[in-house]
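Data block below; observations after.
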Amino acid sequence: MSNIPKIVILGAGYAGILTAQRLQKQLNYNEADVTLVNRHDYHYITTHLHMPAAGTDSVENTRVPISKLIDEFKIDLVKSSVQEIRPHEKKVILEDGTLSYDYLVISLGGEPESFGIPGLADYAMTIRSINSVRLIRKHIEYQFALYKNERHPQERLNFVVGGAGFSGIEFVAELADRIPELCKEYDVDPGLVNIYNVEASPTALPGFAPELVEYAIDVLQRKGVTFKLGVAIQECTPEGVLLATGEEIKAATVVWTGGIRGNRMIEAAGFETARGRVKVDEYLHAPGHDNIYIIGDNALVFNPEGRPYPPTAQIAMQQGVCCAHNIVAAIRNQQPRKFVFNNKGTVASLGRGEGIAVVGDKHIKGWKAAQLKKLVDIRYLFTIGGIPLVLRKGKFL
Ligand code: NAD
């Protein structure tokens, strides 16, 4: 048997892909065996999922075959679903086999958090993967198709989005852009359609600069979105949602964007978690395991003021780069590097030609922010796939 170290990366999202690509670049021939496990043979661009979900862009523009991003002569790609992580046996159980490792990278991404709200898991849809957004898109189109064939059809034209964080706001904006097209296609009076965005906090985009939040709300209200702020969804039913105020909104479409948590498999593996995320050390190691790295949505990393960084694509990518560096350093008996997050800013799309952004202490609104969002997306395509990927996908963004 070979005694080359075995590196196993679980998940090919932002963090996993960046780790794999950096390892592929930095490792010498025969220095380590690298295996990348992913449920699908494609990587998807999570920050773009709200568009195919609403139907304002295609699914194909949101995913890339992993084989186009890695060199399969250097990295073994295993298309399988991870079932269990056994840190003490240094093994990972897949749906169709077992992998052993010397170094493990857990970059499995998060899961929607439903906070135990009854009915959400059964009746609400979530924006979490290519398959989930296909469902949302087809479901919305189907409601329009059903509308004229029923006696009490209003709930077919009522859409509820639970949560007005970044995901909720970006999706609701795309939905508002899509509705006029659907109304035209299905001969429906646009005045009959209602889009509700329900948020438990007193404001949308909690924590974001009030000036930009106000701008976002104004843009979205003008596009036809009704906000219900400071009121929590208490239950989701087959008929719609019940709010904490006792109000019921009847809606055949409920999309839940109320937050994310860490992957449940990590808790099941015995790691100590907070809302499913693991407080990693400064080198991104899981506590007590110098050969296990947890990165992306499942890693809890704190800013200098002691508050956790929110799980974003930006931090996941930077962690991937640092993690690959530290694995190579470990193999070569060199010093690892501490992870330091370099916040380049935040940008959220508000639909066609509109957005808000914070870069340093600058607040950007409108068309400029929308262009910035495109630039960020193009930069990401360039990072993972160079000019060919930008040319293939970038023009659609
Ligand atoms: P989030 O946690 O940021 O927002 C969820 C929202 O749902 C919160 O505002 C919360 O108050 C609300 N909520 C929770 N329970 C509720 C209830 N019962 N009823 C009504 N509202 C309720 O989650 P997200 O928007 O999915 O974002 C997840 C992470 O991804 C965040 O870190 C976010 O910053 C990041 N993200 C970033 C971008 C971007 O940078 N453009 C886009 C999408 C997501």
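The values are calculated or read from the model by the stated rules, or taken from the named source; none is laboratory data. Bear in mind that the values here come from a model prediction, so they are computed numbers and not experimental data. Heads up, the Cβs are rebuilt from the backbone with ideal geometry, glycines too, and the neighbour counts pull from every protein chain shown. Note: accessible area is taken over every heavy atom of the protein model, side chains too, but ligands, DNA and RNA are not part of it. Shrake-Rupley method; radii C 1.70, N 1.55, O 1.52, S 1.80 Å.
Among beta bridges from DSSP that stay inside the chain, the antiparallel ones total about 50%. Under 11 Å from the 7 Å Cα→Cβ point of Arg379, by amide nitrogen: which residues of the range 298-324? Residues 314 fall inside that zone.
Measuring nothing but how far apart in sequence close Cα pairs (under 8 Å, 6+ apart) lie, relative to its length, the range 120-258 scores a relative contact order of 35 percent. Taking the Cα centre of the chain as origin and assigning +1 to Lys and Arg Cβ atoms and -1 to Asp and Glu Cβ atoms, the resulting dipole is close to 1060 debye. Using a cut-off of 24 Å between Cα atoms, the listed pairs Lys25/Lys279; Lys279/Lys393; Lys148/Lys184; Lys223/Lys365; Lys79/Lys138 include Lys25/Lys279; Lys279/Lys393; Lys79/Lys138 as exceeding that distance.
Extension gain for Lys138 to Gln335 (0.36 nm times residue separation, less C-alpha to C-alpha distance): 65.8 nm.
Estimated purely from DSSP H runs of n ≥ 4, each contributing -39500 (n - 2.57), the mean residue ellipticity at 222 nm for the chain is -10000 deg cm²/dmol once divided by its residues.
Within the range 120-258, antiparallel bridges make up roughly 30 percent of the DSSP beta bridges whose residues both belong there.
The amide H of Gln234, built 1.01 Å from its N in the peptide plane, has Leu242, Leu243, Ala244 as neighbours under 5 Å, considering only residues 5 or more places off or on other chains. The slack in the chain from Arg307 to Glu282, taken as 0.36 nm per residue of separation less the alpha-carbon distance, amounts to 7.5 nm. For the range 120-258, the Cβ-based charge dipole about the Cα centre amounts to some 320 debye (Lys, Arg positive; Asp, Glu negative; other atoms uncharged).
Taking label points 7 Å from Cα along the Cα-to-Cβ direction, Leu146 and Glu84 give a separation of 4.0 nm. List the residues of the range 151-178 whose backbone N lies under 12 Å from a point placed 7 Å from the Cα of Gln221 along the Cα-to-Cβ direction. Label zone hits: none. Extension gain for the segment Ala274 to Asn3, taken as residue separation times 0.36 nm less the Cα-Cα distance, is 93.9 nm to one decimal. Ignoring ligands, DNA and RNA, what percent of the 1.4 Å accessible area of the chain is carbon and sulfur? Whole-percent figure for carbon plus sulfur exposure: 51.
For the pair Asp41 and Leu391, label points projected 7 Å from Cα toward Cβ lie 2.4 nm apart. Per residue, the accessible area of the range 120-258 comes to 45 Å² when a 1.4 Å probe rolls over the protein heavy atoms. Among Asn194, Leu212, Leu182, whose Cα projects farthest towards the positive end of the dipole of the chain, with charges put on the beta-carbon of Lys, Arg (+1) and Asp, Glu (-1)? Projecting each Cα onto the dipole axis, the largest value belongs to Leu212. Using the 1.4 Å probe convention, the accessible area of the range 288-349 works out to 46 Å² per residue with neighbouring protein chains retained.
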